[in-house]
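Accompanying notes for the structure given below.
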Amino acid sequence: MPPEHNAGAEHMLVSMLRPLVERGHDVQVWLSRYGKAHRAYEYRGIQVVPLQARLDFGTAARRADVLLSHLECVPSTAALARGYGKPLVVVCHNTHRPSLRDVAAGQTALAVYNSLWMEREAELFFAEYPKAIRPAESLIVRPPVFAGEYATRPGKAVTLINCNREKGGRVLEQLARRMPDAQFLAVKGAYGEQILPALPNVEIVEHVDGAEMRERVYARTRVLLMPSSYESWGRAGVEALASGIPVVAHPTPGLTESLADGGIFVDRNDIDGYEAVLRRLLGSAAEYRLVSKRAKARSAELDPAAELAAWCDAIEQL
């Protein structure tokens, strides 16, 4: 949970819980891992209970109206939901088979998919495993990005957020070596071994709370790199679109859906291609304006208001 752990899944959850708080609901997040915080705290109106602060999650689950879970916590939460007769909501962040099996274990009242392609993958899973139990209801909520909280004037650097190998740490390193006159930002991620080049044109940025991304990252970014081997959606790219920052990405199904016409797609193994695109964007003001305009237009298309209203309605119906 932010501000200690800042990854796409966690910030998607925060942006889905905030409107429930605004509707007057009592929203609590109980952490399943040991962290730095030793006392309960509040994050954007959400009550956060660290693992070491309280040991009575079972009591909280028994008193709850709805239990919500995601990632590796789904099986244990499902057991409590079954034991206490509570509706279970599962937020699905990826298409990996273990995630889909957890959704199909028979307790899910509402499955939330983060993209159309994930919903299609879930349908293929249910067709492949006819004994799997479909959720009672399902809903698509694309990771909500409130554009006004991220929009800024773009900066000068080429940026990668989360510099592990699968996110493109090696791509950043190779590009920085090829382009010594360009500025690069390497933002440490929430997980994975970080590849942080010790080069004069690469500045290392420590792990950043989502609430500080606009000032500490996007206000300094000219182009965002997303050469990820896998992205079920790609929240960072959508955050960058709000400022009209061009996003150069590997064409995963999630990124092609999220960025659409607002992105530039280059295979992550084509370093020559990435270099050519960067030199074009950094060297041509006219080309940059054109791509930036498309990015802002895509950001406007992804206004989350309608999907968040449907999400809150679904929770209240449960």
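The values are calculated or read from the model by the stated rules, or taken from the named source; none is laboratory data. The structure displayed is predicted, hence computed values, not measured ones. As a convention, Cβ positions derive from the backbone with ideal geometry for all residues, glycine included, and neighbour counts pool all protein chains shown.
Checked across region 102-125, the condition of being of a type in the set (G, A, S), closer than 27 Å to N6 by Cβ and more than 21 Å from the chain's Cα centre (by Cα) holds for no residue. Modelled with pLDDT of 95 or more, surrounded by fewer than 24 Cβ atoms within 10 Å (Cβ to Cβ) and over 20 Å from R165 (Cβ atoms): does that describe R279? Taking the combined requirement at face value, the residue satisfies it.
If you go through region 178-187 and pick out every residue that is crowded, with 17+ Cβ neighbours inside 10 Å and assigned to a loop (DSSP other than H, G, I, E, B), you end up with 3.
Answer yes or no as to whether A276 is among the small types (G, A, S) and not assigned by TED's automatic domain parsing to the domain that holds S228. Spelling it out, it is not the case that A276 is among the small types (G, A, S) and not assigned by TED's automatic domain parsing to the domain that holds S228.
For the condition in contact (Cβ under 8 Å) with a residue 60 or more places away in the chain, under 21 Å from I140 (Cβ atoms) and in the same structural domain as A136 (by TED's automatic domain parsing), V91 qualifies. Of all residue pairs spaced 6 or more apart or on separate chains, those with beta-carbon atoms under 7 Å, a first member in region 263-276 that is hydroxyl-bearing (S, T, Y) and a second member that is assigned to a helix (DSSP H, G or I) are Y274/V171; Y274/L175. Output the number of the condition that V21 fails; it satisfies all remaining conditions of (1) in contact with a helix residue (DSSP H, G or I) (Cβ under 7 Å, 6 or more places away or on another chain); (2) of a type in the set (A, V, I, L, M, F, W, C); (3) touching a residue at least 24 places away in the same chain (Cβ under 8 Å). Unmet condition: (1). Could you tell me whether any residue of region 141-153 is closer than 21 Å to A314 by Cβ and more than 22 Å from the chain's Cα centre (by Cα)? The answer is no, given that none of the residues of region 141-153 is closer than 21 Å to A314 by Cβ and more than 22 Å from the chain's Cα centre (by Cα).
Of K188, K131, all but one fail to be more than 28 Å from A305 (Cα to Cα) and assigned by TED's automatic domain parsing to the domain that holds V103; the exception is K131. The criterion of at least 3 residues that are under 22 Å from the mean Cα position of the chain (by Cα) is met by the following strands (runs of 3 or more DSSP E) wholly inside region 196-313: 221-226, 247-249, 263-265.
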